[in-house]
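The structure under discussion appears below in the form of structure tokens.
Please treat every number below as a calculation from the coordinates, not as lab data. A quick note: this is a predicted structure, and the numbers were derived from the prediction, not measured. Positions of Cβ are backbone-derived with ideal geometry, glycine not excepted, and every protein chain shown enters the neighbour counts.
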Amino acid sequence: MDKKPDIYRRELVDVQGVPLFWSIAEEWSQVESFEARPDDLLISTYPKSGTTWVSEILDLIYNNGDVEKCKRDAIYKRVPFMELIIPGFENGIEDLKKMQPPRLVKTHLPVQLLPSSFWKNNCKMVYVARNAKDVAVSYYYFYQMAKIHPKAGTWEEFLDKFMTGKVAFGSWYDHVKGWWEKRNDYRIFYLFYEDMKENPKHEIQKLLQFLEKDLSEETVDKILYHSSFNVMKQNPSTNYTTIPDFDMDHSVSPFMRKGEKSYTSFYTAC
Ligand code: PPS
């Protein structure tokens, strides 16, 4: 199916002061009124912070390490991106309505824009933070390959937009801080990409504890292997290569780009 060219590279539109894709802003009432279920697990991140990685780990946990089951569909179908609405083409909310519980739900919304049903239902939430420098670099490449974004411009221009919060989903600083401040009032498990790189097994075990789930050491090792960067890079159900080129052009930059960290700890980057 051919997409209309005018859905791409359009300027962002502010929703309550946060720049979002024009199509999310247009359909904001659908997002705001999204009905979360008490057994939903929300995966919340600023873009390029390890969403896909933790989503794959959680789907593997939910399926007791059954790798074949986790290849049943692409990651963006197994873990729908709630607020991503592109009229006529994508609708995370509609995808979620069709899903059997328990659902894994992806969002990039800053804490103040999260639909209130998540708070009312006291849903469990996993937040992943990654240091600003690596996020900015990853986001710059992603802006160029994923055409729903406005033009990235030069690195200097993009970095200026990133630092002033004029990129999709707003300021990285406000995002990580906003979710951090909420973590003790709700069931939020706050994770760091850098800790996952340092000791992924330990972070998977902490996730299991948060989910009150027990898996054998053998299953945890299997999850560890199948969620490693090199394995996910080769897996069509996690590497986004099933998205058509006119949406995401992997010849510009692959989605699974480097998967590295330039700091030993997130804290040193702040
Ligand atoms: S998105 O589009 O916002 O949902 O992107 P997101 O998944 O949050 O972030 C993409 C970056 O995460 C890296 N990635 C991984 N790193 C380590 N291990 C694994 N398994 C893994 N999976 C994805 C991916 O490569 C992007 O980072 P960069 O630095 O661009 O490589």
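Listing for the model above:
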item	result
Which of Leu207, Tyr225, Val167, positive extreme of dipole for segment 93-238 (C-beta unit charges)	Val167
Inter-label distance for Tyr173 and Asn230, nm, one decimal - labels placed 7 Å from Cα along Cα-to-Cβ	3.9 nm
Nitroxide proxy distance, nm - points 7 Å out along Cα→Cβ at Lys201 and Ser262	3.1 nm
Test item: Cα-centred dipole of segment 1-147, Lys/Arg +1 and Asp/Glu -1 on Cβ, debye	320 debye
Farthest positive-ward along the chain dipole, Cα basis, beta-carbon charges - from Gly259, Ile243, Ala146	Gly259
Label-to-label distance, nm, for residues given as Arg72 and Lys97 (7 Å Cα→Cβ offset)	2.1 nm
Built amide H within the under 5 Å cut-off of Tyr127, gap 5+	Ser44, Phe189, Tyr190, Leu191
Size of charge dipole - segment 88-243 - debye, nearest 20, with Cβ of Lys, Arg +1 and Asp, Glu -1, no other charges	420 debye
All-pairs alpha carbon distance profile, segment 119-270, 5 Å steps from 0, percent	2, 8, 14, 16, 19, 18, 14, 7, 2, 0
Karplus-derived HN-Hα couplings along segment 9-24 (A = 6.51, B = -1.76, C = 1.60, θ = phi - 60°), whole Hz, x at Gly and Pro	6, 8, 5, 6, 10, 6, 10, 6, x, 10, x, 10, 4, 3, 6, 6
Residue with peak Gaussian network fluctuation, the chain [Cα springs, cutoff 10 Å], from His250, His149, His202	His202
GNM top mover of Glu212, Glu83, Glu11 - the chain, alpha-carbon springs below 10 Å	Glu212
Of Lys97/Lys222; Lys71/Lys222; Lys147/Lys233; Lys71/Lys201; Lys69/Lys97, pairs whose Cα-Cα distance is over 25 Å	Lys97/Lys222
The chain - mean residue ellipticity at 222 nm from DSSP helices (-39,500 (n - 2.57) per run, n ≥ 4, rounded to 500)	-11000 deg cm²/dmol
Cα centroid of segment 157-217 to Cα centroid of segment 60-138, whole Å	13 Å
Alpha carbon convex hull of segment 67-158, volume per residue in cubic angstrom	158 Å³
The chain: radius of gyration and largest Cα-Cα distance (Dmax), Å	17.5, 50
All-pairs Cα distance distribution in segment 108-178, expressed in whole percent, bin size 5 Å	3, 15, 24, 22, 16, 10, 7, 3, 1
Percent antiparallel among DSSP beta bridges (both partners in segment 19-166, rounded to 5)	15 percent
Length released on extending from Arg10 to Glu157, taking residue separation times 0.36 nm less the Cα-Cα span	51.2 nm
Max mean-square fluctuation residue, GNM over the chain, Cα-Cα springs under 10 Å, options Asn230, Asn131, Asn122	Asn230
